[in-house]
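Working notes, structure below.
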Amino acid sequence: MSYASPLLSLPGAVAADAPDAGVAAHYGDLFREQRALDQGRGLVDLSHREVVAVTGADRLSWLHLLLTQHVEQLPAGQATEALILSAKGHIEHALYLVDDGTTTWMHTEPGSRAALIGYLESMTFFYRVEVADRTDAYAVVFLPAGSITEVPGDWVVRETPHGRDVFVPRGELAAFADRAGPAAGVLAYEALRVAGHRPRLGRETDHRTIPHELGWIGGAVHLAKGCYRGQETVARVHNLGRPPRRLVFLHLDGSEVKIPEHGAPVRLASEGAEGRQLGFVTTSARHHELGPIALALVKRNVPADAPLLAGDTPAAQETIVEP
């Protein structure tokens, strides 16, 4: 049965499409919602995201062996990001974690929990850990940086420079949203994510993406640790310095009515619409200050100053990952 957030009943709510189906795309005014978030007001309903918890005395040392991030001595309350890679170093899962002293909480993309839990449970062996799906019990809500909304002291909060991810008991989601409002939709959240050059699994990734291509080295991948699946690829590419593709930020031509969709081809503007495809648009958005913008994954050797075509839309690029 498909998920539908109770906040879709709020005035003006328009349901989002996949991968964010189940929550609101917006509540009637995209730019007003973005400005509110930029000013530290409101909240974003991310209750369609999935929640997994790991308990047990060995949870951090065990996760340290599986994840790309150094979590063996993760302090309680400190947020971090981590990836799970394939044996060839391709990104399979992106996890947003915090440990509360007894449990490691993580939220991840809609539809990914079964595969994630299946992998984690297959790796428990003799370790004192227990993996649990807590999606039915907890909903994720985002409060922007600067928000003064008070959160009950016994709730789990993941605090980052961009804001707080709050693990809200599902039965209290509507009441908490009423206190923390005004609500902003995921289109506003995504626009700020794109403007902040922050990659997202399933949007900026495909089946062969490696962390170096997206600038996830450092933020989600700790280079001073090994012992995780795919680590050989991470070390080799880091030492050679030649990831095959790179993430770029695009300023799109504002005269176009439409913005390019996910997967739209990226070409050199000098070669026109019939030129060779050099990459693809990953996420595009309308930003309240920057206008239409996008992220794209392009081949490493695309000149960093070359004007591009994103679908049919002229675009100027800004470097995120160095060529």
Apply the Karplus curve 6.51 cos²θ - 1.76 cosθ + 1.60, θ = phi - 60°, to the phi angles in the stretch 36-49 and return the couplings in whole Hz, x for Gly and Pro. 4, 4, 4, 8, x, 10, x, 8, 10, 7, 10, 6, 7, 6
Report the Cα centroid-to-centroid distance between the stretch 192-213 and the stretch 239-259 in angstrom, as an integer. 11
Rounded accessible area of Ser147 (nearest 10 Å², 1.4 Å probe): 20
With a cut-off of 8 Å between alpha carbons and a minimum separation of six or more residues, what is the relative contact order of the chain in percent? 19
In the neighborhood of Asp17, defined by Cβ-to-Cβ distances under 14 Å, what is the net charge if each Lys or Arg adds +1 and each Asp or Glu adds -1? -2
Hits among lysines - C-alpha to C-alpha of Lys225 under 27 Å, sequence gap 8 or more where chains match: Lys88
Going by amide H atoms built from the backbone, whose H comes under 5 Å of the H on Gly28, apart from near neighbours? Val14
Residues whose placed amide H lies under 5 Å from that of Thr282, excluding near-sequence neighbours: Gly263, Leu295, Ala296, Leu297
Cα-centre dipole for the chain with unit charges at Cβ (Lys and Arg positive, Asp and Glu negative), debye to 20: 720
Order by accessible surface, 1.4 Å probe, largest leading, for residues Phe176, Phe280, Phe125 comes to Phe125, Phe280, Phe176
For the stretch 98-257, which whole-number percentage of the solvent-accessible area (1.4 Å probe, protein heavy atoms only) is attributable to carbon and sulfur atoms? 52
With Val157 itself left out, Lys, Arg at +1 and Asp, Glu at -1 over residues whose Cβ is under 13 Å from its Cβ give -4
Taking the full set of protein chains and a 1.4 angstrom probe, give the accessible area of Trp105 in square angstrom, rounded to the nearest 10. 20
Just to confirm a number: summing +1 for Lys and Arg and -1 for Asp and Glu over residues other than Ala306 whose beta-carbon lies under 14 angstrom from that of Ala306, what do you get? +2
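Suppose R0 equals 45 Å. What FRET efficiency, 1/(1 + (r/R0)^6) with r the Cβ-Cβ distance, do Ile148 and Arg300 give to the nearest 0.05?
Computed FRET efficiency for Ile148 and Arg300: 0.55.
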If the convex hull is drawn through the Cα atoms of the stretch 94-207, its volume per residue in Å³: 133
Expressed per residue, the solvent accessible area of the stretch 52-121 in Å² (1.4 Å probe) is about 34
Unit charges on C-beta of K, R, D, E only; dipole of the stretch 193-323, Debye: 640
What is the distance, in nm, between label points placed 7 Å from the Cα along the Cα-to-Cβ direction at His207 and at Asp178? 4.8
Cα-based equivalent ellipsoid, the stretch 146-276: semi-axes from gyration tensor eigenvalues, Å: 34, 26, 12
Between the modelled labels at Met123 and Leu223 (7 Å from Cα along Cα→Cβ) the distance in nm is 2.2
Taking Cα centroids, how far is the stretch 142-161 from the stretch 22-53 in Å? 14
Not counting ligands, DNA or RNA, and with a 1.4 Å probe, what is Lys299's accessible surface area in Å² rounded to the nearest 10? 100
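The values are calculated or read from the model by the stated rules, or taken from the named source; none is laboratory data. A quick note: this is a predicted structure, and the numbers were derived from the prediction, not measured. Please note: Cβ atoms are built from the backbone with ideal geometry, for glycine as well, and neighbour counts cover all protein chains shown. Ligands, DNA and RNA are excluded from the accessible area calculation, which covers all protein heavy atoms including side chains. Shrake-Rupley method; radii C 1.70, N 1.55, O 1.52, S 1.80 Å.
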